[in-house]
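Asks: Before I ask anything, let me first share the structure, which is written out below as structure tokens.
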Amino acid sequence: MRNTLPVLTVVMAIIVIWYAGAVWMNAQWTRDQAARAGQEVTFSDILRDTLAQDRPVLPAPHQVVVELWNSTVVEELTSRRGIVQSGTLSNRSLIYHGWITLSATLLGFAIGSGLGILLAVGIVHNRAMDLSVMPWAIASQTIPILAIAPMIIVVLNSVGISGLLPKAIISAYLSFFPVVVGMVKGLRAPDHMQLDLMKTYSASQPQVFWKLRLPSSMPYLFASLKVGIAASLVGAIVGELPTGAVAGLGARLLAGSYYGQTVQIWAALIGAAVLAGLMVGAIGWLQRLTLRRMGMAR
Amino acid sequence: MLVSWIAERSTAGRALRLAAPVIFGLTLLWLWEAAVTGAGVPRVILPAPSAIAARFATSTSILWVDFVQTFVKGALSGYAIGCGAAIITAVLIDRSPFLTRGLLPVGNFVAALPIIGIAPILVMWFGFDWQSKAAVVVVMVFFPVLVNTVEGLRAADAMQRDLMHTYSASYWQALIKLRLPAAMPFIFNGLKISTTLALIGAIVAEFFGSPIRGMGFRISTEVGRLGLDMVWAEITVAALAGSAFYGLVSVIERRVTFWHPSQRGRG
Amino acid sequence: MSDAVIEARGLGLTFQTNDGPVHALKDVNLTIGKGEFVSFIGPSGCGKTTFLRAVAALEHPTEGSLTVNGMTPDAARQARAYGYVFQAAGLYPWRTIAGNIRLPLEIMGFDRAEQAARVERVLELVELKGFGNKFPWQLSGGMQQRASIARALAFDADILLMDEPFGALDEIVRDHLNEQLLALWARTGKTIGFVTHSIPEAVYLSTKIVVMSPRPGRITDVIESPLPRERPLDIRDTPEFIEVAHRVREGLRAGHGHD
Amino acid sequence: MSDAVIEARGLGLTFQTNDGPVHALKDVNLTIGKGEFVSFIGPSGCGKTTFLRAVAALEHPTEGSLTVNGMTPDAARQARAYGYVFQAAGLYPWRTIAGNIRLPLEIMGFDRAEQAARVERVLELVELKGFGNKFPWQLSGGMQQRASIARALAFDADILLMDEPFGALDEIVRDHLNEQLLALWARTGKTIGFVTHSIPEAVYLSTKIVVMSPRPGRITDVIESPLPRERPLDIRDTPEFIEVAHRVREGLRAGHGHD
Amino acid sequence: ADDFTLQLKWVTQAQFAGYYVALENGFYEEEDLNVTIKPGGPDIAPPQVIAGGGADAIVEWMPAALAAREAGLPLVNVAQPFKSSGMMLTCLRESGITSPDDFPGRTLGVWFFGNEYPFLSWMSTLGIPTDGSEGGVTVLKQGFNVDPLLQRQADCISTMTYNEYWQVIDAGISEDDLITFKYEDQGVATLEDGLYVLEDRLGDAEFEDRLVRFVRASMRGWKWAEENPEEAAMIVLDYDDTGAQTEGHQIRMMTEVAKLTAGSNGALDVEDYERTVATLLGGGSDPVISAEPEGAYTLAITDAALAD
Ligand SMILES: Nc1ncnc2c1ncn2[C@@H]1O[C@H](COP(=O)(O)OP(=O)(O)OP(=O)(O)O)[C@@H](O)[C@H]1O
Ligand SMILES: Nc1ncnc2c1ncn2[C@@H]1O[C@H](COP(=O)(O)OP(=O)(O)OP(=O)(O)O)[C@@H](O)[C@H]1O
Ligand SMILES: Cc1ncc(C[n+]2csc(CCO)c2C)c(N)n1
Ligand SMILES: [Mg+2]
Ligand SMILES: [Mg+2]
């Protein structure tokens, strides 16, 4: 892999900066504690203490790694609730919570990007929709989801919908918008001559769509999907809060923050970031595949 | 349908262009009012539009203070910093193939951090006032703008690039005279999506600690107090401000990317 | 001429631009009968492309009337009356050459086998056999132009509108394609509108030559060709041919003088 | 020829494509001296564009050697030795015509006043005065091509590479531009590489005519022109001219036979 | 079995141990009830949930419940397992605060979302403005944890005796470095975690019967929890789906909660109620409720539940 070296370099750089930041940001606490205890601190004391605090402002990378390891592998292999001993994933493991969030994200992304593409198709083809949908799609995005999410959940619960779907709907709500914006632009990207050619064939709207608009929207589509799937993940995590925040990375983040478990928050954050990175990476891979097949990768 | 009838007729009239969404919206509001009053939905669940309007009218000073705190201080500053940082990062990534391969995959990881996770941390780092909200906004808008800019910087076609080669243009000259203009349609996609993200981010971040003003503060407090009419009055402000913000960016987009087929086709 | 295919009366077309209106066509009167081969020649920017586009309903005249087969150009387009070769090749970059040529066939609902057969035939006609699987950017400029000609010839439109189709081709290929085009025209009786900058080409191909002059775009001369329909390549050395060519050149020069 | 500007020895260039390699150039040997005007002529797809692009360091040869001013093409490009006119106009849509022409001047750091003066001068040269404020899509095909010629002429590169620059122009504008180009060449002593499909144009302009044939692209004939440097338009009727034109046509035909 | 849904005020923790114990130990089952316990969270307003039909009963603080009543949602207290208040304001000693007189000019962290009422009425009793005006305090909307104190972004923060206070301690600040003001000690205590239902459902005999059985079983759960804090904490841990709670913290929370529930058999002490109402009505220009509530509680349910 020719990417390995650059990625490793960047990761190394981040880790170095991270350590420096941890020392710098946690030092205040160390000094305060020492002052309360009436002690002098040397630089090496600071170094030692800042990288091993229980409630650091910024946990050191190795603390997060240990937490990640413990809350995945160790938890599943050795704990009473782990998969080895109970046969099911432990509710203390990030694998379990990650999976809960991932399933809501994927469902939400499917709904959201599907809806986004449909709306974009409508907007591009129908003047009435062009004029009326977009302002409301924009307005819908300015409504803070956290404020209405509980209402959505209450309403959905009262019609008997619960579980994965309400979360997925909130996730879809956040992800459809980037897809609409990108796809409207993409579907309008064919240049005049390309459209004129279709006109001379007197091609029907669906034909223009499938043979011209859709192929030329590909670069925009993939950029939108990448943003959309990241938004889906954020949506799924947000959606976990009003569902009682019982499971999923969002619940984990929140629970971590109730109890000031900074290390646990960071572990969940890294978990979410890894999920996001993998999903965005997957779409990038799909993009390269598609563009190569379309002869557009040069 | 009424809306499509109007749309058909409105090829010329600018007033009518506005009329379609307004009529659509009024219909929606009317249905809402009817549903709430008719079906007897408890007002602690969903207040009627009329109640919201009444509350709006009597609370303009609070709404204004909240608006300044959240939108002007939190969202706008975060938006400017976040979008700027994303574009600069995209250019850095683009500048060096090494970073393209190194930073972009890592960027995918870092930039999609969920707001719920970072908001408490950023409040801890940057304090309770608008600075931490701006920081949350920075993180939220970064990714969409980054992805779109990176994509856009690849959009110049081969012949356009070859021309720059023949001039032996420096990297920066090619960037400013070719790559960035060609990337603008993409960049503006990111900027438009980010307008609404900035607002959401600033509001939601206030849920995690704030001074006792701000749209997010008011919303979460009033939900707890069952003051749902106030909640919706704030949401109305958010929707208006967000739409205006989006509209403004769209107008700028139209002026900057007038040459792109998606803009040239209309108007 | 009872069966006029294209009929323009007092046709005018003005573009509105950021710095004032551009009168691309003004007071154009022209009748093209069924089965005619009409060439348009004139200085750059005189409105040839604009006229062809108006006929194909890609631009809408701002003055006068234009009918095609007695209908509006829009209606005629709906009836799929046109094959159009654009001045620039305009191939879709995500389709191979064969895929590009297949495009109109797919749209018009030809069946698979027929599509393949036609693609094969026109690729051969424009001497691009073996390049079907290449993508447009893998072809030279002239090859792209030939592919776009093939695309327009693949289906049988009654009216063929060609905007400088052979501009980027060398003499020999050009001669070959001229012959092929004449043969096709003789065989099918299509009506052809053809923009060219080459006076010999115009004279060699056409039954009627329209000379235009710019700003605003007007017709300055319409020359009915006295040449027989049957035209071997060496007809170009006959006195009639040279005579017509001379008249065209004079018309062109006059148009330029105006500028 | 001691002061060779462009020197190709055993030059080969192969493109790798999805369905096998394409040999665009093979075993090309050519020396172009300082101040020469060299035309390239040959069937569509024979590698003319590819050769010009290789000289301008836009493609990299896979075999043999190519030097420009004794350096690699890349180094020569760095020294801003080239003006290049592409086969398609390739104007930037977000710049006006004047803005497009100004582009290389901005990049090369001419001052404001100088930029304006040069833009004005070349717009006039290509007869586009008054169109400076238009955007590319508001121009006809030929006008776009002229704008792209103006863009290449606006700055003073020592080597001018022109890929069918006059393909979309009518005879009269073309004659005018031919004369202008010759005058410019005489005045400045530039080295010019020029692709054309017009045999008379090639003969009229060049000191040396390179005839190429395709698949793989090779040089089949290099004709040193016996015509004097001073060339009025009516030189085209002299026997020497016709003689050279004949030889070129023969070379072309031979190349095609190979196909 | 009859279905019954309870909406908690906050996430699964020992604060609600009685209900989880009753569920785990089958007390509800014995009453022929099929109980669902819904955890709360930072943006779940239990009154809203009950108004939307999402729950049969909710756990809520009395100030919020009475305010909701004034806002038009007729909540009625049917049981009061918590006798005393666990709220306090915790300050760093190094801030120099020694009594409420030192508050003006300070920055105080407060929970909002309907939890601000006790604080506001305390301040208005003290005559300290909270709107940022001269001579008042600067109020911060406190997040979910004690960071503002640790980061010294606030001089004092709100804490519960059973939860946040210990987090401060756990963070490494010794009790000596802290100074606390309990609402109980300041005479402004208001009733916390009570059970509330919607008034219009109380006429329904079938519902009342279910409710009686629910309260009876819940109180059994509470008493069991008081006696067996460690086991109760473990039960809570089992029901915590987030897996974020720790054993030590929950056992300690249970121990502290037991002190607050100790004085209650479940029945509302009317004197406490009246003290709460007086606190909320009294003091300052901006009382939490503006009029003496009517019918905001009923003793009928606990009477029936505790009869045998
Ligand atoms: N990027 C590319 N990838 C693959 N093949 C290419 C590429 N560019 C050119 N070719 C092939 O190289 C050969 C020479 O192309 P070139 O463009 O040099 O021809 P040309 O002489 O300029 O022709 P024309 O007169 O039609 O412009 C052609 O067969 C073409 O298909
Ligand atoms: N979309 C447009 N907007 C504004 N002006 C235009 C537009 N299209 C063409 N024109 C103008 O109309 C005139 C005629 O253009 P047209 O393309 O018809 O010329 P042409 O005869 O085809 O020239 P050429 O031989 O160079 O292709 C030109 O002056 C051109 O600038
Ligand atoms: C928005 C919001 N913020 C803080 C709390 C804090 N709080 C109030 S009661 C309680 C239980 C004790 O731990 C807690 C933590 C809340 N409920 N809602
Ligand atoms: Mg034209
Ligand atoms: Mg070429």
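The values are calculated or read from the model by the stated rules, or taken from the named source; none is laboratory data. Note that the structure is predicted; figures quoted are calculated from it, not measured. Note that each Cβ is placed from the backbone with ideal geometry, even for glycine, and that neighbours are counted across all protein chains shown. The area values use the complete protein model at the heavy-atom level, side chains included, leaving out ligands, DNA and RNA. Shrake-Rupley method; radii C 1.70, N 1.55, O 1.52, S 1.80 Å.
Asks: Sequence-distant or interchain residues sharing an amide H contact under 5 Å with D:THR17, placed H: which?
Replies: When sequence neighbours closer than 5 places are left aside, the close amide H contacts are D:VAL22.
Asks: Counting only other chains, and only Cβ atoms inside 10 Å, what mean value do you get across the residues of A:225-234?
Replies: Per residue, the average neighbour count from other chains is 6.
Asks: Hey, another quick one. With the Cα gyration tensor of the protein assembly as shown in hand, give its eigenvalues times 5 under a square root as the equivalent ellipsoid semi-axes, listed largest first in whole angstrom.
Replies: 78, 34, 26
Asks: A:HIS125: accessible area at probe 1.4 Å, nearest 10 Å²?
Replies: Accessible area, nearest 10 Å²: 50 Å².
Asks: Over the Cα atoms, compute the radius of gyration (one decimal) and Dmax (the largest Cα-Cα distance, rounded to a whole number) for segment A:13-91, in Å.
Replies: 17.0, 52
Asks: Less than 15 Å apart at the alpha-carbon level, and either on another chain or at least 8 residues along: which aspartates and glutamates does that give for A:LYS185?
Replies: A:ASP130, B:GLU151, B:GLU253
Asks: For segment D:94-105, just list the computed ³J(HN,Hα) in residue order, Karplus coefficients 6.51, -1.76 and 1.60, θ = phi - 60°, integers in Hz, with x standing in for Gly and Pro.
Replies: 8, 10, 5, 4, 4, x, 5, 5, 5, 3, x, 5
Asks: Ok, one more. Using all alpha carbons of chain A, what is the percent of pairwise distances in each 5 Å bin, ordered from the shortest bin to the longest?
Replies: Pairs per bin, as whole percents: 1, 5, 9, 11, 12, 13, 12, 11, 9, 7, 5, 3, 2, 1, 0, 0, 0, 0.
Asks: Let me understand segment A:1-58 better: what is its radius of gyration from the alpha carbons, and its Dmax, in angstrom?
Replies: Cα only, segment A:1-58: 15.4, 54 Å (Rg, Dmax).
Asks: Distances in nm, one decimal, shortest first, from D:ALA254 to the same residue in every other copy, taking the label point 7 angstrom along Cα→Cβ.
Replies: Taking the point 7 Å beyond Cα along Cα→Cβ, the inter-copy spacings are 4.5 nm.
Asks: Using θ = phi - 60° and the Karplus relation 6.51 cos²θ - 1.76 cosθ + 1.60, list the HN-Hα couplings for segment A:24-35 in order, rounded to whole Hz, with x at every Gly or Pro.
Replies: For segment A:24-35, the Karplus curve yields 5, 6, 8, 5, 3, 4, 4, 5, 4, 4, 5, 4 Hz.
Asks: To continue, here is another question. Can you tell me what share of the DSSP beta bridges in the protein assembly as shown is antiparallel? A percent to the nearest 5 is fine.
Replies: Among the beta bridges of the protein assembly as shown, antiparallel pairing accounts for roughly 55 percent.
Asks: Based on the mean of other Cβ atoms within 10 Å per residue, sort peptides C:15-22, A:194-201, D:19-26, A:218-225 so the most packed one is first.
Replies: A:218-225, A:194-201, D:19-26, C:15-22
Asks: Over the Cα atoms of chain E, each weighted equally, I'd like the Debye log10 I(q)/I(0) at q = 0.16 Å⁻¹, rounded to two decimals.
Replies: -1.36
Asks: Further question on the same structure: Just checking the output field for B:154-166: average partner chain Cβ neighbours within 10 Å of each residue's Cβ?
Replies: Mean partner shielding for this stretch: 6.
Asks: Using amide H atoms built in the peptide plane, which far-off residues or other-chain residues are under 5 Å from D:ASP221 H to H?
Replies: D:VAL211
Asks: Sticking with this structure for a sec: Report the local net charge at E:ASP204: Lys and Arg +1, Asp and Glu -1, summed over other residues whose C-beta lies under 12 Å from its C-beta.
Replies: -4
Asks: With θ taken as phi - 60° and the coefficients 6.51, -1.76 and 1.60, list the Karplus ³J(HN,Hα) couplings across segment A:3-8 in order, rounded to whole Hz; mark glycine and proline as x.
Replies: 7, 4, 4, x, 4, 4
Asks: With a cut-off of at most 16 other beta carbons within 10 Å, and DSSP calling the residue loop, which chymotrypsin sites (Phe, Trp or Tyr not before Pro) in segment B:173-267 qualify? Please list them.
Replies: B:PHE258
Asks: May I ask for the equivalent-ellipsoid semi-axes of segment D:87-156, computed as the square root of five times each C-alpha gyration tensor eigenvalue and listed largest first in whole Å?
Replies: 18, 12, 11
Asks: Mind listing the label-point distances from C:THR188 to the same position on all other copies, shortest first, one decimal in nm, points 7 Å along Cα→Cβ?
Replies: Result, one decimal in nm: 4.6.
Asks: Across 10 Å bins from the origin, how do the percents of Cα pairs in chain D run, short distances first?
Replies: Histogramming chain D at 10 Å steps yields 7, 30, 35, 23, 5, 0 percent.
Asks: Another question, if that's okay. Summing +1 for each Lys or Arg and -1 for each Asp or Glu, what net charge is found among the other residues whose Cβ lies under 12 Å from the Cβ of E:TRP111?
Replies: Net charge around E:TRP111: 0.
Asks: Where the label is 7 Å out from Cα toward Cβ, how close does D:ALA79 come to the same position in every other copy, in nm, shortest first?
Replies: 6.5
Asks: Setting aside same-chain residues fewer than 8 positions from B:LYS73, which lysines have a Cα under 17 Å from its Cα?
Replies: B:LYS73 reaches B:LYS133.
Asks: Could you work out which residue, out of A:SER232, A:SER140, A:SER86, moves most in a Gaussian network model of chain A, that is, has the largest mean-square fluctuation with Cα springs under 10 Å?
Replies: Of the options given, A:SER86 has the highest mean-square fluctuation.
Asks: I've got another one for you. May I ask for the percentage of alpha-carbon pairs in chain B that lie more than 28 Å from each other?
Replies: Pairs farther apart than 28 Å: 50 percent.
Asks: Let me ask something else about it. Isolated Cys in the protein assembly as shown by the 4.7 Å beta carbon test?
Replies: B:CYS83, C:CYS46, D:CYS46
Asks: List the trypsin sites (Lys or Arg not before Pro) within segment B:153-190 that DSSP assigns to loop and that have no more than 16 neighbouring Cβ atoms inside 10 Å.
Replies: B:ARG154
Asks: I would also like to ask the following. Shielding by partners for C:101-109, please: the mean number of other protein chain Cβ atoms within 10 Å of each residue's Cβ.
Replies: The shielding value for this peptide is 4.
Asks: Name the GluC sites (Glu not before Pro) in segment E:101-184 that are in a loop by DSSP and that have at most 14 other C-beta atoms within 10 Å, would you?
Replies: Those satisfying the criteria are E:GLU134.
Asks: Then there's this: Report, in listed order, any pair from A:LYS199/C:LYS34; A:LYS199/C:LYS129; B:LYS177/D:LYS129; C:LYS34/C:LYS208; E:LYS9/E:LYS83 with a Cα-Cα distance greater than 19 Å.
Replies: A:LYS199/C:LYS34; A:LYS199/C:LYS129; B:LYS177/D:LYS129
Asks: Taking the axis that carries chain C onto chain D, what is the nearest Cβ in chain C, and at how many Å, to the whole number?
Replies: Residue nearest the C-to-D axis, with distance in whole Å: C:GLY167, 2.
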